[in-house]
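Since the structure comes first, as structure tokens, the remarks are kept for the end.
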Amino acid sequence: MNKEATILTLHPQGKKGVNILLRRYELTAKALLDTLNQYGPLSPMDLYEKAAEQLASLLDGKPLWYAVTVKLDLEARGILKTVREKGRAKIHAVTQE
């Protein structure tokens with residue numbers, strides 16, 4: 001039996017993560033980062049919706065759920081950050097320098 005690799009996601013507030021298939025995690029992380037690279041900082045909902053559009057044909061399941069779950073994991077890992085700008089949240093990719 002060939003079991004697919006999974007990843008236990010992290011949460012920026014230390015809450016319990018979820019196990020998802022690694023291939024779905026990687027597709028979703030790429031979609032989120034590509035979206036931010038294309039559009040720059042976005043509100044959480046704009047980021048989720050744009051990434052979910054890219055993922056709709058690639059994932060079985062709910063692309064929006066994957067976008068939210070993986071975004072939280074990427075925040076916990078220091079790859080994304082949420083910044084309040086004029087009272088509104090914007091998601092930024094953290095640049096590696």
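The values are calculated or read from the model by the stated rules, or taken from the named source; none is laboratory data. Every value quoted in this text rests on a predicted model; they were computed, and no experiment measured them. Neighbour counts are summed over all protein chains in view; Cβ atoms, including those assigned to glycine, are modelled from backbone coordinates with ideal geometry.
Do you know which of the residues in segment 1-19 that are modelled with pLDDT of 95 or more and of a type in the set (A, V, I, L, M, F, W, C) is farthest from R88 (Cα to Cα)?
A5
Within segment 35-89, count every residue that is over 22 Å from G14 (Cα atoms), surrounded by 13 or more Cβ atoms within 10 Å (Cβ to Cβ), in contact with a helix residue (DSSP H, G or I) (Cβ under 9 Å, 6 or more places away or on another chain) and of a type in the set (S, T, N, Q).
Going through segment 35-89 one residue at a time, the tally reaches 2.
Can you tell me which residue is farthest from E75 (Cα to Cα) among those in segment 9-34 that are buried (at least 16 other Cβ atoms within 10 Å of the Cβ) and among the β-branched types (V, I, T)?
Here the residue is I20.
Out of L47, L32, L55, I need the residue that is in contact with a Phe, Trp or Tyr (Cβ under 9 Å, 6 or more places away or on another chain), modelled with pLDDT under 95 and of a type outside the set (F, W, Y). Which one?
Answer to the selection: L55.
What tally of residues in segment 64-83 results from selecting those that are touching a residue at least 12 places away in the same chain (Cβ under 8 Å) and out of contact with any Phe, Trp or Tyr (no Cβ under 9 Å at 6 or more places or on another chain)? Give the derivation first.
Keep residues of segment 64-83 that are touching a residue at least 12 places away in the same chain (Cβ under 8 Å), which gives 64, 66-83.
Within this subset, residues satisfying the condition of being out of contact with any Phe, Trp or Tyr (no Cβ under 9 Å at 6 or more places or on another chain) are 72, 74-83.
Count: 11.
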